[in-house]
Amino acid sequence: MALGAALLARGDCDVVVCGGPAEREVGQSLRERWGAGLVTAGEFDLAGTARLLAHCDLVVGLDTGTSHLAAALGIPVIVLQGARTWAGMWDPLGPAVTVLRLDLPCAGCGLMRCPLAAHPCMRGITLSAVWQAVERVLPSPGAS
């Protein structure tokens, strides 16, 4: 929510929520809260999603097919990645991939569901860390 709002506040970004049909409701809720944006979750097949991504300057996402597809297309990608497997195992391949992943004692646990109430490997990735990665890819408006 906060990242989308911050991108829209820049004034030079449009935000598109991609994904499958299961993400559509969440995407619509985000769009309503932002008051802007586009929700394409569940609208496109793989080829259609690739055509949409080809128009993007940046993709921020989880370790999902959309992030991997964008990376393969050469689009800059920032991936927020949990630590249930070892670092590098599922990193998207492409020329401009940034993986944000925390090195925690429980890394490599292999668990599909985190037993820790705080879910530190995902919730520990801060908005500030993501925003710093975004600004490396998309310089501030008016920056030379």
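The values are calculated or read from the model by the stated rules, or taken from the named source; none is laboratory data. Since the model is a prediction, treat every value here as computed from it, not as a measurement. Using ideal geometry, Cβ is built from the backbone for each residue, glycine included, and neighbour counts are taken over all protein chains shown.
Within region 101-114, not a single residue is touching a Cys at 6+ places or on another chain (Cβ under 8 Å) and in contact (Cβ under 8 Å) with a residue 60 or more places away in the chain.
In region 118-130 there is no residue matching the filter, namely being touching a Pro at 6+ places or on another chain (Cβ under 7 Å), modelled with pLDDT of 95 or more and of a type in the set (A, V, I, L, M). Filtering region 1-25 to residues that are small (Gly, Ala, Ser) and part of a helix (DSSP H, G or I) leaves Ala2, Gly4, Ala5, Ala6, Ala9, Ala22.
Restricting attention to region 6-35, the residues that are under 22 Å from Trp131 (Cα atoms) and surrounded by 16 or more Cβ atoms within 10 Å (Cβ to Cβ) add up to 12.
A single member of Ala36, Ala72, Ala2, Ala50 is under 21 Å from Ile125 (Cα atoms) and out of contact with any Phe, Trp or Tyr (no Cβ under 7 Å at 6 or more places or on another chain), and it is Ala2. Exactly one residue out of Leu93, Leu73 is surrounded by fewer than 20 Cβ atoms within 10 Å (Cβ to Cβ), modelled with pLDDT of 95 or more and in the same structural domain as Arg123 (by TED's automatic domain parsing): that is Leu73.
Checked against (1) at pLDDT 95 or above; (2) of a type in the set (A, V, I, L, M, F, W, C); (3) assigned by TED's automatic domain parsing to the domain that holds Cys114, Ala36 meets all criteria but (3).
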